[in-house]
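Laboratory data are not the source of any read-out in this text; all were calculated from the coordinates shown. None of the values given here were measured: they were computed from a predicted structure. Please note: Cβ atoms are built from the backbone with ideal geometry, for glycine as well, and neighbour counts cover all protein chains shown.
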Amino acid sequence: MISGTALFSRPISSTQLRLFEAIRDWPTDRGLLPTLDELARHLGVAKSTVSHHRQQLAKIGLVHFEKHKRRSTRVTTDPAVLATYGLRPRLGTASSTGARTTPTPHPRSRRAVLGGTRARQHSADVPATRGMPVWPVQLRPPRRLPLVGEIAAGRWRAFNRDEGVLEVDDEFAGPGRYALRVSGDSLVDLGVFDGDHLIVDPDQSVHEGDLVAALRSQEGEDDMATVKVFVRDDDGQPLLVAGNWKYLPISVDRSTVLWRVTTVIRRI
């Protein structure tokens, strides 16, 4: 048995490694895929150099992109390809567990800050400064949503029911009917944190990539719940995946009820 540094039979060049790492980390650091111009400025090289090495990385399966789209360059999540070159999917993800990776979740849910328009309404009470006018804002009553309980952002956990109320602007509530309070860290890479509130609509259809509140009820046992992103694997099987590499995907069976999350709210 060989210990210490792993040996890789097909190394890539140092320039290609820097480019791969930049493409890999760009969405996490900046929230979107990079363009060739941005990568060139970041690496301090010519755009043609980036284009050439991106093409080389694509030939060996480390990078994928669509030729006529500026922001389409992304790294592979295939563990076998990554292992060949001793690479990781992205910073902070597991690289040596051998676990099968799943599609990177990109939830479609809206994000809001609790208060929203109402928070701006307070400006009407503040005197104008430096000659700037204060714009009057029409006050609107908040919408009161039932806060039905706390849901785990992690592994399946007993659903803690509650009977509270969450007041939120109607524009943020949208079609949502219920509110849930997040407990856990399985979605931190997606910007959903412990203590955030979710607005859910049980009547909306759930599609791949949606953030969902998953509820599982079994006779004689406590109701279990978790919040995850709904995806399908290569075989078309439904899965619930986290936004934190510490948590493995969860299989979905017929006893699982999915409520679509329409809005994520954070109190600041």
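Before moving on, here are some points about what is shown:
- Label-point separation, VAL257 to ALA83 (7 Å along Cα→Cβ), nm: 4.1
- Net charge of neighbours whose Cβ lies under 11 Å from the Cβ of SER183, counting Lys and Arg as +1 and Asp and Glu as -1: -2
- Neighbour-count order for TRP156, TRP245, TRP259, fewest beta carbons within 10 angstrom listed first: TRP156, TRP245, TRP259
- For GLY209, the amide hydrogen comes within under 5 Å of the amide hydrogens of PHE230, VAL231, counting only partners 5 or more places away or on other chains and with H modelled in the peptide plane.
- For the range 162-210, the fraction of alpha-carbon pairs in successive 10 Å shells from zero, as %: 22, 47, 31, 0
- Solvent-free Debye scattering, log10 I(q)/I(0), computed from the Cα coordinates of the range 14-84 at q = 0.14 Å⁻¹: -0.37
- Cα centroid of the range 155-231 to Cα centroid of the range 243-258, whole Å: 13
- Selection of trypsin sites (Lys or Arg not before Pro), the range 223-263, meeting DSSP coil and at most 16 other Cβ within 10 Å: LYS246, ARG254
- For LYS69, net neighbour charge (Lys/Arg +1, Asp/Glu -1) across residues whose Cβ lies under 15 Å away: +2
- Neighbours of HIS53, meaning other residues whose beta-carbon lies under 13 angstrom from its beta-carbon, give a summed charge of +3 when Lys and Arg score +1 and Asp and Glu score -1.
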